[in-house]
1. Where the centroid of each part is defined by its Cα atoms, how far is the stretch B:589-642 from the stretch B:486-511 in Å?
2. Going by a ≥ b ≥ c, the root eigenvalues of the Cα gyration tensor, does chain B fall in the rounded group (a/c under 1.5), the prolate group (a/b larger than b/c) or the oblate group?
3. Using amide H atoms built in the peptide plane, which far-off residues or other-chain residues are under 5 Å from residue B:413 H to H?
4. Let me see the P(r) profile for the stretch B:4-312: every Cα-Cα distance counted, bins of 20 Å, each bin given as a percent of all pairs.
5. Just add up the charged neighbours of residue A:535: K/R +1, D/E -1, any other residue whose Cβ is under 13 Å from the Cβ of residue A:535.
6. Counting Lys and Arg as +1 and Asp and Glu as -1, what is the net charge of the other residues whose Cβ lies under 12 Å from the Cβ of residue A:479?
7. Leaving ligands, DNA and RNA out of it, work out the accessible area of residue B:363 with a 1.4 Å probe and give it in Å² to the nearest 10.
8. Size of the dipole of chain B about the Cα centre, Lys and Arg at +1 and Asp and Glu at -1 on the beta carbon, nothing else charged, in debye to 20?
There are 2 protein chains.
Amino acid sequence: MTPVGLRQDPALIERCINTVRALAMDAVQQADSGHPGTPMALAPLGYVLWLHHLRHNPANPAWPDRDRFVLSCGHASMLLYSLLHLTGYDLTLDDLRQFRQWGSRTPGHPEVGVTPGVETTTGPLGQGVGNAVGMAIAEAQLAALFNRPGHTIVDHYTYFVASDGDLMEGISHEACSLAGHLRLGKLIGFYDDNHITIDGATELTLSDDAAQRFAAYGWDVQRVADANDLAALDAAITAAQRERSRPSLVIVRSHIGWGSPHKQDTAEAHGAPLGAAEVRATKENLGWPSAEPFFVPADALAQWRTAGPRGAAIEAAWRERFAAYRAAHPTLAADWERRMAGELPGQWDAALPQFQSGQALATRAASGKVLNAIASRLPELIGGSADLTGSNNTEIAGAASFQAGQREGRNFHFGVREHAMGAVLNGLALHGGFVPYGGTFLVFSDYLRPALRVAALSHLRPILVFTHDSIGLGEDGPTHQPIEHLAALRAIPGMTVIRPSDATEVVEAWRAAIAHRGGPVALILTRQKVAVIDRAAYAPATGLHRGGYVLADAPGGAPTIIVMGTGSEVALILGAYERLRGEGVAVRAVSLPSLELFAQQPQDYRDAVLPPAATRRIAVEAGSPQPWYRWVGDRGAIVGLDRFGASAPYQRIYAELGLTVDAIVARARALLSG
Amino acid sequence: MTPVGLRQDPALIERCINTVRALAMDAVQQADSGHPGTPMALAPLGYVLWLHHLRHNPANPAWPDRDRFVLSCGHASMLLYSLLHLTGYDLTLDDLRQFRQWGSRTPGHPEVGVTPGVETTTGPLGQGVGNAVGMAIAEAQLAALFNRPGHTIVDHYTYFVASDGDLMEGISHEACSLAGHLRLGKLIGFYDDNHITIDGATELTLSDDAAQRFAAYGWDVQRVADANDLAALDAAITAAQRERSRPSLVIVRSHIGWGSPHKQDTAEAHGAPLGAAEVRATKENLGWPSAEPFFVPADALAQWRTAGPRGAAIEAAWRERFAAYRAAHPTLAADWERRMAGELPGQWDAALPQFQSGQALATRAASGKVLNAIASRLPELIGGSADLTGSNNTEIAGAASFQAGQREGRNFHFGVREHAMGAVLNGLALHGGFVPYGGTFLVFSDYLRPALRVAALSHLRPILVFTHDSIGLGEDGPTHQPIEHLAALRAIPGMTVIRPSDATEVVEAWRAAIAHRGGPVALILTRQKVAVIDRAAYAPATGLHRGGYVLADAPGGAPTIIVMGTGSEVALILGAYERLRGEGVAVRAVSLPSLELFAQQPQDYRDAVLPPAATRRIAVEAGSPQPWYRWVGDRGAIVGLDRFGASAPYQRIYAELGLTVDAIVARARALLSG
């Protein structure tokens, strides 16, 4: 694309760029909070990229083949908000005036879904880099699957901007190493090399040679020595676009708070308002025509708004291409539209396996079978494991591995990079066209927790396959045995945790996960074998969809005691149920695979499962008791774990730590006699 | 050090090395679980390093100036256990036979405190690399503080072994970038470059040029082309030792499962027993003299056991040096011994500040004052922040920054590297001589959670300063506002979370943290100002040490309702208390800054604070309600948050989300009328 603007009136261009600086200063000053320095430094990059390279249509932020722009350093949100407003997105000057105020569309850090044109929620550093890698993967796979000779309907770049902080975070290593391995040639990053962090000069803590580091990952690296050099920025972007075999990093030497007479190149410009006097001085220094806050020169706005017709033309041309594509390849076009709309195909769950009692298999093994059954009818289901493919049972049989030369591959080898995996899944979900999943051991959910949180906050629905879910993994020992993880995951707002008790519940768990919307779903699965519950004798597994259900009841539905649990411990509560029933106790057994789904049920359903009058309750779960107090109540008891596990064959650990039918029965007797 | 053994009988040396291979195969086979391949590959490195370089005394694993050896790839535990047994640590062949069995000293992954000679708990990949960086920092600082001309009492290397997995993990980037910046010249790492991961060949997922990557961090990098080339290993180690201005990485090209005719260089050798037939075939292939499991040739054992006299002589020489040091510098020597013993100096808490009602200050600000007061009397208190020094109030005023040229510096600039910070704190604690602390925003506790877990499992006591602890941080918005983090931290076994309500509780919180042993302590602190509670009118803050205490009581100590809470929400419960008391309600206000400390109190104390008869209870905390069900009971209520926060001035967020005195009073009235 020709950088038309770069041949235009230099004074006008400078006014355009300074508009971003002024808006950023003013908004932060008005909010008395925020980060003005980076928007001021990167305003020229914003100008060159957004007005001359970014293929986007401000009138339609949902145009599916738009370039993606990720501001990984989300604290520089006023850069993004300014660009969105100026190029004509549905974001007004009044919205900017409401920066960081209750109910505004300009929150402190960008949030997807809140602000038109914001592609992802950033702020927790490094997440955006991982998201961008996921988006670039999405583009590469969709292009491979859907483009046809003469019909290119998927063809966009993914740009990201990263700060020192983003690149210090470990996730940047994982994500950029993966991107280099995968040769994501349409991924283009900008490193805002400003030599300043919150604590002061980066030399306090950072001596990396970033260019050498990224070269080690297999990236193409360029340098722009002056962030105000528009021609150099333009040339670097153009070269990065042409480099299709490797991701590109453009290291831009910038000056935080550029234009501020007293705060440029200082940490003071990073995370606080400049102050009214310094804002004034900066505007004078920049030759800014007005002291009025939020002033936008008419000619600058007009120049910025050329993005509108340009974007409309780009999208219109694409729509023409898509119409030709639909005519030539109607089935492909329909499938593409369905996938991008996030709609499931009919009959997607028609081939789910059935499991019969008498069998015993690990729920992770059942999960692998269900996953494969779904995958055969749901091409958008893609994913993999953080180097535990065989253990997590996450492989789609017969499908290729996603690699540089195999863009259609549905099996992802994320490597031992759990955190990047989490952020990449989010990027795939954000891009659209995919139902992404990723696996690791439950204990390592900690490694990707920040990405899970962003998924929940962003209402994304990656599916996490967390296997080896308890002391039941046995010999690997306490470093690998989760204890606190169920509690920790359940505490995340919007997260849905499902821990099926047997293979039949695994079928329903996957069905629920695929149908779920608005937040991540974690499937929690055993390493060890568990018997398939006899669904003729006990209630059907479809009860899982309500989070909890009565598996086996007391005579007349009037229990004097309730035993409840999740996952592999349901076998124990059924054992206790049968024992107590044999002793004439009116006992009810409840499977509670998802406390979140159960909590969302109407009160009358919950009361039907856990009658308020039945106050003698025992919850059994091989993990922290914290989530269970709510459900057992004052007269109940919890058979859980408030210690770390141990290294031994798992049966021994269960016995030593008191997770046995005997122990449950003893607790029941104590409650009944209490 | 002269590699004596390398000039000895090559056949004997080979037997020594094959002993490690045989023991690893046999132990994994017997346990029917484990990872034989890496011990088999790295046995030669073990031989050269442990017998000819590592300055250690198998008879005294606690000798303080020993070299540290960290097996970051903890799954290769049989390498370490074999080396410990063979060189004469208190670990018998019977212990090896008990590999991965209940109660054994040879758990699946190495655990510090369980096995003599194990320096740190590893298995969660990357943690050991970070620990090693912390140990090397500890050595550098102690050497700077305590060595004197002619008296070198601190002078050791820190070695670590890292796998592909360790180096794919993001924490390796953070830790190694920091180590390079800090020029930790006595840190020496070995990269087991075996081209195999669990999923298969590393080329599936990894294309990094590791040498270039570490050069970018400022490390010295060497290559050993053949893991069986003892002379090359020896030369590389010697060169790495001589390189004192940069950390060293030795990239060792190895062959997983070396010697196995059918499984060498395959993923099958990684994480599963070779199988009885393959063990037999491998022993034959290696020319092993016996098919008997756990066979150790007498001459090989004798050779290995030369480590005993060698180590004893090394320690004895050091003890002589230390005696001379003590004579010359008795005060320094006493202080060093005190610090290494983990004992606090007398009067360490004599200068703590006092805060008066009428003031209002953020608990993070109070924390900064208390930290400084303690630091002036506790030189082992060192730490810093992950690039939020000013926000976390973690700086020790007047102290230098720890840098390459400032080894005495007590202020650490960890950079935006939360995960490495966590692992480095663990390494400092493991080394001994320090009370380490580290700060970041509470929301970013997620980024270092795996390190916190290892600290808890290892009974280490880093102190975490987590500020900006709720929606009270305001404008930065939901990406930065913790919701689930208190619940998630509290769920970790052995973790102590303290959320003081005001500056006076902050004093006690720090006092508790410094005195605490056996697990990490997290101090949870506000960004916003909170009024100092009038301790003349309400109970003294020393109640914090019992986790919870009655702040203000109903007449006669007979409450009909209890309001309880933590942190900044205690101001709300006191407001509600006063309002209800004014209305004639018999109300009690309880401060519960640490649910863990409270749960550890005897039942009678807990009942005195929360009388079982007082079933109307309201808990108030700006976070997930999950931890509170236990304490409010069936008739209680929780005023918490089960949604994400919002970007706005904090007072508005509190009001909009219902965390107000009015809302608490309304809930109280509802409970009282219920």
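The values are calculated or read from the model by the stated rules, or taken from the named source; none is laboratory data. Computed from a predicted structure; not experimentally measured. Backbone-built Cβ (ideal geometry, glycine too); neighbour counts: all protein chains shown. Protein only, heavy atoms only, side chains kept; ligands, DNA and RNA dropped before computing areas. Shrake-Rupley method; radii C 1.70, N 1.55, O 1.52, S 1.80 Å.
1. If we compute the Cα centre of each part, the gap is 15 Å.
2. It comes out prolate by the Cα gyration axes.
3. The list, which skips near neighbours in sequence, is B:402.
4. 36, 59, 5
5. Working: positive: none; negative: A:502, A:505, A:508, A:534.
Local charge sum for residue A:535: -4.
6. Details: positive: B:453; negative: A:446, A:475, A:476, B:111.
That works out to -3.
7. 0 Å²
8. It comes to approximately 1620 debye.
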